[in-house]
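Engineer: What follows is a structure written as structure tokens; I'll ask about it next.
The values are calculated or read from the model by the stated rules, or taken from the named source; none is laboratory data. In this text, all values refer to a predicted model and were calculated from it rather than measured experimentally. Here Cβ is always computed from backbone atoms with ideal geometry, including for glycine, and neighbour counts include all displayed protein chains. Accessible surface is based on the protein model in full, side chains and every heavy atom, while ligands, DNA and RNA are left aside. Shrake-Rupley method; radii C 1.70, N 1.55, O 1.52, S 1.80 Å.
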Amino acid sequence: GSDTRRYGIALEQRFNPNVFSGIELTWRDLEAVGIGTGNLGRFTLLDDRKEQFHRAYVYWTPTRRLAFSTEYFYEEEEGELLAPFKLVTQQAPIGLSYFWPAGFFIDGKATYVNQEFTGLDGTADDQFLIADLAIGYRLPRRRGILQLVVKNMLDEQFNFFDPAFRTLAREPRGPIFAPETQVLAQFNLSFR
């Protein structure tokens, strides 16, 4: 019962073997129908949204062991899910990675986030900086990765409207940003 149209354009440029960048611009119009339940029984939800998602990035590998990345994300969403709302989120992550020949690596990333939500109750906004760190080991022949990840290592407190708040299906998933320090052990295998 949903009707959606998506438009987009993307460009990528390689300046030399070690530097490339790109930009991607997308827009989406969405009309969705869902069914909800409440004190008065079952009812129909109409979700009419306009979305924009834009991204720009630069990746640089000055040596075989060192990689640098910087990105910028702009996301704007306007719609009406039970009440009119507008959400604007901007993110600017900067990352640095170092790779040892034996397979060990370390990744550091700092992400600046600026978000503004406007709804029936007024406007709420927040801006914050999140720092993440990962150390790990890549198995020989790229068979997998074992890593220890620390998210929000400075224990930054913030108010963030996660994109999951507006889905009709309410699918379970983890948050984009951890509201407190989290330490995760991850083991990924690749079968080829």
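Engineer: Could we say that GLU71 is in contact with a Leu (Cβ under 6 Å, 6 or more places away or on another chain) and surrounded by 16 or more Cβ atoms within 10 Å (Cβ to Cβ) here?
Structural biologist: Working: in contact with a Leu (Cβ under 6 Å, 6 or more places away or on another chain): no; surrounded by 16 or more Cβ atoms within 10 Å (Cβ to Cβ): yes.
Considered against the rule, which asks whether it is in contact with a Leu (Cβ under 6 Å, 6 or more places away or on another chain) and surrounded by 16 or more Cβ atoms within 10 Å (Cβ to Cβ), GLU71 comes out as no.
Engineer: Anything in segment 10-57 that is out of contact with any Lys or Arg (no Cβ under 9 Å at 6 or more places or on another chain), in a strand (DSSP E or B), more than 23 Å from LEU87 (Cβ to Cβ) and modelled with pLDDT of 80 or more? List them, or say none.
Structural biologist: The answer is LEU11, GLU12, GLN13, ARG14, PHE15, ASN16, VAL19.
Engineer: Same structure again: Working only within segment 161-192, note down all residues that are more than 21 Å from THR123 (Cα to Cα), loosely packed, with under 14 Cβ neighbours inside 10 Å and either in contact with a His (Cβ under 7 Å, 6 or more places away or on another chain) or modelled with pLDDT under 85 (or both).
Structural biologist: ALA169, ARG170, GLU171, PRO172, ARG173, GLY174, PRO175, PHE191, ARG192
Engineer: May I pose another question? What are the residues in segment 76-127 that are in a strand (DSSP E or B), aromatic (Phe, Trp, Tyr) and either open to solvent by 30 Å² or more (accessible area, probe 1.4 Å) or more than 30 Å from ILE145 (Cα to Cα) (or both), if any? Break it down stepwise before answering.
Structural biologist: Filtering segment 76-127 for residues in a strand (DSSP E or B) gives 76-80, 84-99, 104-119, 122-127.
Subsequent filtering for residues that are aromatic (Phe, Trp, Tyr) retains 85, 98-99, 104-105, 112, 117.
PHE85, TYR98, PHE99, PHE104, TYR112, PHE117, listed by residue number.
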